[in-house]
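Notes for the one structure printed next.
Just so you know, all these numbers are worked out from the coordinates, no wet-lab data involved. Given the structure is predicted, the values throughout are model-derived calculations rather than measurements. Ideal geometry is used to build each Cβ from the backbone, glycine not excepted, and the neighbour counts take in all protein chains shown.
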Amino acid sequence: MSMFNRNDNKETDVSAPDKPRDVTSASVAAMPKPVQPAAAPAPDLSAAKSAGPSVISKALKITGQLESTEDIRIDGEIEGDIHGVAVTVGSGAKVKGSVYGQTVELAGTIEGKIEAKKVILTSTAHMSGDVIHQDIRIESGAYIDGHCRPGTNKTEYKPTVKPN
Amino acid sequence: MSHLSKAITINGDLESDGELQIYGNVRGQICADRLVIGPGGFLEGDVIARDVHIEGRLEGRIFALNVTLDSAAEVNGRIFHNTITVAKGARIDARMPWRPPSYFETLETLPEARQ
């Protein structure tokens, strides 16, 4: 029998006898097939979890460009441009850069530009910069320092970064 | 917990005190408490974290106390670790230097920058 076969079926038989000083071989033999990660319990990574909106939590800071063909919710801090479909900037979130999307809802702070078909500035919004929109709603209490102007129809999303 | 879905592409650095799950494409450096690269996720860049769990692809270096590589993992680079678990079937083309826990405690920036 060659040593270098991938012993897919009888790994438990092989590992036990001729490895005297190997402490781990005992635990390997005891725990035969499904190798469970020991250090941290594996999270439930079902296929459904890979879909759905992206969430940038309060603890996360991103320096760079974000592009998504789906929705994004931001509660953290971002320095850079954001391209999304429906972009929600939660209260407490900070964005330094331009935000592009079909719908942009702002409850936090943006220093830069918003370019979207539909823009909602809620009462806690703090917007420093221009807003280019087709449809805008500004709630009482929102801070805005910049021009609001109806945009051209060129708010089409064009990904510049190729997925790998 | 931050969740980056498969529709997202990020070019830049990420810094988090909590858990970060990547199902999309990220190019850049990551600092997090716990990093999960889910199935279909791809990271090109270096990671500093306490726990790293990979079920996707990684091209770069890992600096983490605990590393688990799932059977679907594909890793290319270096894995600086204190404890590591590799599932059968994982594709790894990497050096895996062991380091004592004290090495990771002071790790804020990338220490061994030489490739």
Average partner coverage of B:29-37, which counts Cβ from other chains inside 10 Å
2
What number comes out for the charge environment of A:THR122, summing +1 per Lys or Arg and -1 per Asp or Glu over other residues with Cβ under 12 Å away?
-1
Charge tally in the Cβ shell below 13 Å around B:ILE8, where Lys, Arg are +1 and Asp, Glu are -1, B:ILE8 excluded
0
Förster radius 22 Å - calculated FRET efficiency between B:ASP33 and A:GLU139, Cβ distance, rounded to 0.05:
0.05
Suppose every K and R has +1 on its Cβ and every D and E has -1 on its Cβ; what is the size of the dipole of segment A:52-150 about the Cα centre, in Debye to the nearest 20?
100 debye
Around B:ALA94 (Cβ within 9 Å, Cβ-to-Cβ, excluding B:ALA94; K/R +1, D/E -1) the net charge comes to +2
As a footprinting exposure proxy, order A:LEU121, B:LEU35 by other Cβ within 10 Å, with the fewest listed first.
A:LEU121, B:LEU35
Counting only other chains, what is the mean number of Cβ atoms within 10 angstrom of the Cβ of each residue in peptide A:65-72?
6
Rounded to the nearest 20 debye, what is the charge dipole size of chain B about its Cα centre when +1 sits on each Lys and Arg Cβ and -1 on each Asp and Glu Cβ?
400 debye
Picking from B:ALA87, B:ALA7, B:VAL67, whose Cα lies most toward the positive end of the charge dipole for segment B:2-98 (charges on Cβ: Lys, Arg +1; Asp, Glu -1)?
B:ALA87
What residues have an amide H closer than 5 Å to that of B:ALA94, excluding those fewer than 5 places away on the same chain, when H is modeled at 1.01 Å from N in the peptide plane?
B:GLY77
How big is the dipole moment of segment A:104-155 about its Cα centre under a simple scheme where the beta carbon of each Lys and Arg is +1, that of each Asp and Glu is -1, and everything else is neutral? Debye, nearest 20, please.
220 debye
Tell me the label-point distance for the pair B:ASN76, A:THR69, using the 7 Å Cα-to-Cβ offset, in nm and rounded to one decimal.
2.3 nm
